1. Among the residues of region B:40-81, count how many are of a type in the set (A, V, I, L, M), open to solvent by 30 Å² or more (accessible area, probe 1.4 Å) and outside any helix (DSSP H, G or I).
2. Can you find, within region A:55-100, the residue that is farthest from the chain's Cα centre (by Cα) among those that are of a type in the set (D, E, K, R) and under 21 Å from B:Asp112 (Cα atoms)?
There are 2 protein chains.
Amino acid sequence: MQSSTFNLMVIREMSPDRLSTTYAALADPTRRAILARLASGEASVTELAEPFDMSLPAVSKHLKVLERAGLITRGRRAQWRPCQLDPAPLKDAADWLEHYRRCWEESFARLDEYLGELQTETPKDGGG
Amino acid sequence: MQSSTFNLMVIREMSPDRLSTTYAALADPTRRAILARLASGEASVTELAEPFDMSLPAVSKHLKVLERAGLITRGRRAQWRPCQLDPAPLKDAADWLEHYRRCWEESFARLDEYLGELQTETPKDGGG
């Protein structure tokens with residue numbers, strides 16, 4: 001990576017950013033489970049709270065974090081305010097990680113190679 | 001998603017987990033910029049601190065978060081302890097997000113369709 005490109009990237013990255021808000025919202029197992037539930041359709045707060053041993057206010061707090069991160073929207077219908085998944089920030093989070101695919105693929109390839117060498121050096125008894 | 005599958009997933013997700021640690025580590029622009037730098041090769045703390053208007057202890061604090069999340073390793077050579085990227089947790093974070101690809105693709109397709117309808121309803125003047 002060119003140094004000037006890197007510095008530009010650092011400057012862009014240092015501004016208040018949505019990506020940090022997205023990752024912070026994902027850094028909790030309850031919030032990830034709520035998103036998993038909403039991936040199969042909209043749900044009320046009561047429905048979302050049901051599988052957790054958690055008070056409604058505690059679940060509401062998690063929903064506020066997800067809403068601020070733009071990961072869910074709340075309906076405005078008369079009797080209930082169903083939560084819906086907004087997957088756009090998840091795409092941005094995935095796009096950022098995609099830049100590192102080459103890194104983990106190379107890393108796993110090196111590990112495979114190393115394990116292959118180990119097997120060649122210590123062949124099992126038997127066979128021919 | 002079947003309810004039993006969802007409940008199992010919730011139980012698994014509720015245990016202390018590495019995915020939360022990974023996303024929490026990524027929820028900071030300085031830490032993401034450090035990972036971007038390390039993607040092009042190992043670097044000392046001084047080298048990593050250089051593009052930031054930040055003290056060495058402040059950078060060290062970020063490195064500790066990345067190290068605890070398993071995203072970097074520190075060398076043990078005599079004169080310096082270079083930092084290296086360990087991309088394995090990034091793959092896990094990307095794999096989790098991959099489950100939502102269908103959601104964002106459908107969401108963008110709906111948006112495209114809606115924009116297409118708007119264009120059909122308000123055709124521009126001119127032409128034939």
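1. 2
2. Taking region A:55-100 first, the residues of a type in the set (D, E, K, R) are A:61, A:64, A:67-68, A:74, A:76-77, A:81, A:86, A:91-92, A:95, A:98.
Restricting the remaining residues to those that are under 21 Å from B:Asp112 (Cα atoms) gives A:86, A:91-92, A:95.
Working: A:Asp86: 13, A:Lys91: 9, A:Asp92: 10, A:Asp95: 11 Å.
Restricting to residues being of a type in the set (D, E, K, R) and under 21 Å from B:Asp112 (Cα atoms), the top hit is A:Asp86.
The values are calculated or read from the model by the stated rules, or taken from the named source; none is laboratory data. Keep in mind the model is a prediction, meaning the values are calculated, not measured. The accessibility values were calculated without ligands, DNA or RNA, using every heavy atom of the protein model including side chains. Shrake-Rupley method; radii C 1.70, N 1.55, O 1.52, S 1.80 Å.
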